[in-house]
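The values are calculated or read from the model by the stated rules, or taken from the named source; none is laboratory data. It should be emphasised that the depicted structure is a prediction, and the values quoted were computed from it without experimental measurement. As a convention, Cβ positions derive from the backbone with ideal geometry for all residues, glycine included, and neighbour counts pool all protein chains shown. Surface areas here come from the heavy atoms of the whole protein model, side chains and all, with no ligands, DNA or RNA. Shrake-Rupley method; radii C 1.70, N 1.55, O 1.52, S 1.80 Å.
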Amino acid sequence: MTGAQDNTQRETTPLRRDNSLIRPDRAPAVPPEEATRPAFAAPPRQDLPPHPEPPRPEPPRPEPPRPEPPRPDAPRPQMHQPTSRQAAQVSQPRRITSASWLLRGLGLLVISVLSGLIWLMLKPDSGEEAAPPPPDLPRYQFTPIHREEAFQGCQNVSTAKIKSFFQKQECTHLTRALYSTTLPDGTRVLTSLVTVLMPDAATAQQLNDLTTKDGTGNIRDLVDDGRDGTKGMPALEDDAYASDRQFRLVVIGDSAYYDKNTPKKDPALLDVTREVLKLGWPQEQTPR
C-alpha cells in the first residue's frame, strides 16, 4: 500500500553504460538541455588591441557592352549624293584673273618700297661717318690766338686747283685758327690749323690727296688774309706743312718761327705741326 510505506531512500547501484555496442559512425546525441542552451561570446580582453576589420572586396565592374558586328542582311546606310549644281561648284576651282595678279604685284611692290625707305631711315651710320674717337693730347702746350668760322664757303678762301675742287664739291664746314707754343729751348712758334669737314669720307680723301701735292694751291690761313690781330706775325709759307684725314675731316697745319728765319722742312717745326693736327676734331666741335 502506498500510504503505509515509509518515506525512505532506496539504495540503488549505479548502472554502467556499455558503449562497445555503439557504432563508431554514429556520434552521440547532444543532450537536449545543451542544444537549447544559448551561447554567449567571450568578453573581449582589455590587454589586446581590437582586430581591424578585413577590407571588403569591391564588387566587379560591369564590362561595357561590345558592339555587335553588322549583320550581312542588314540594310546599309544611305549616303547623301550631291546634286549636279553642287558637284559643279566643287569640281571647278576659282580662277584668278590677270587683273588680280596685277593688283597682287603692285601690292608687293609698294611693300618693298616702303620697307626700303624705312631701312634707309633707321640704318646705323657706317664706320667712316661714326663719331670721332677721343682726341689724343699733343705733346706741346698750344695757346689759342684767334679762331673764326668760314661762313663764306671753302672755295672763297682757296687758291688754284683746290679752289676748283671746292667749286665742284663744296665743303660742309670750315674753321681756321692760330696757336702759339714754345719749344723746350724757349723758341716761340706760330702754328696755323685749318679744319675742313666734307660730306663723306671719300671726298675728304680726295681733298687730302690734292693738298699734299706740290703746285695745287691751298686754303689761305688767317695771316695770309690779314685778319685782325695778325699784323707783325711771321708768314706761313708751307715750310713746315702737314695734313691728315680724320674720317670726314681734313686737317691742315703749318708752322713758323717768331724770332728767326724759318728754314724749309725744319724737323722741330714739322714735329710741332704734326702735333697740332691732334686738335683737329676739338677745334671743329668747338661751339660756334
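Details
- Working note: Karplus 6.51/-1.76/1.60 with θ = phi - 60° gives segment 152-161 the couplings 7, x, 6, 5, 7, 10, 10, 9, 6, 5 Hz, where Gly and Pro are set to x.
- Around the Cα centre of segment 133-282, unit charges on the Cβ atoms of Lys, Arg, Asp and Glu (plus for the first two, minus for the last two) sum to a dipole of about 160 debye.
- Cross-link partners of LYS264 among lysines (Cα-Cα below 27 Å; sequence separation of 8 or more within a chain): LYS161, LYS163, LYS213, LYS231, LYS278
- Solvent-accessible heavy-atom area per residue, rounded to whole Å², over segment 171-214 at 1.4 Å: 37
- About its Cα centre, the dipole of segment 247-288 is roughly 140 debye, where the only charges are +1 on Lys and Arg Cβ and -1 on Asp and Glu Cβ.
- Between ALA160 and LEU117, the FRET efficiency estimated from the beta carbon spacing at R0 = 30 angstrom works out to 0.10.
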